[in-house]
Amino acid sequence: MDFMKNSEMPTHIFLTGEKQVGKSTLVSSVLAATKLRYKGLRSISVFDGNNDRCVFIIPADTGNSSTEETPALVGICSNHHIVEKKPEVFDKTGCRLLETDKDTEMVVIDEIGNMERDAKIYSEKIMSLLERTDIRILGVVQKMAHTELADAIRNHPNVRMMEVDKSNREELVQVVLRSLQP
């Protein structure tokens with residue numbers, strides 16, 4: 001089904017907002033409530049013993065998939081600064097997690113930030129997904145991310161950006177769910 005044929009609304013929803021406002025929690029709530037079949041990726045952070053934050057990507061459909069994938073390290077932050085990034089992991093593992101099949105109705109991309117800056121193949125993959133109107137995308141773009149990819153997503157005609165804050169994050173779950181319906 002072509003989602004854009006019967007609607008003026010953009011096909012894809014990307015959330016943005018301040019750090020720790022609940023963007024990824026909102027994505028989790030939407031995924032728990034949706035009936036759409038989805039694939040994609042989520043990022044998770046793990047703090048090591050040195051107060052560095054290791055960032056990994058994992059499949060968005062963990063628990064819905066018959067195969068579990070090992071988290072892939074994409075970068076390390078220290079004192080809120082990227083000290084190591086691995087664009088080749090985005091280009092290989094990230095692209096694989098964004099692959100769709102005939103049953104995929106939605107792709108999850110949680111989240112786009114500054115670590116993807118040098119991941120050209122990954123960025124091209126996301127841009128090609130944004131052109132599709134036969135699937136939905138639910139994603140997160142960090143508010144502070146000012147990269148070519150983040151800006152392209154924000155300005156893409158198929159994207160509806162939604163700002164998340166503490167006053168609207170609960171009600172946005174239903175707004176996002178309604179927006180994602182065919």
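Figures for the structure shown
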| read-out | value |
| --- | --- |
| Residues satisfying the stated conditions in the stretch 25-46, i.e. of a type outside the set (A, V, I, L, M) and assigned to a helix (DSSP H, G or I) | 25, 28, 29 |
| Any hit, the stretch 68-79, residues being within 23 Å of residue 128 (Cα to Cα), under 14 Å from the mean Cα position of the chain (by Cα) and at pLDDT 95 or above | no |
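The values are calculated or read from the model by the stated rules, or taken from the named source; none is laboratory data. These numbers were taken from a predicted model, which means no experiment stands behind them.
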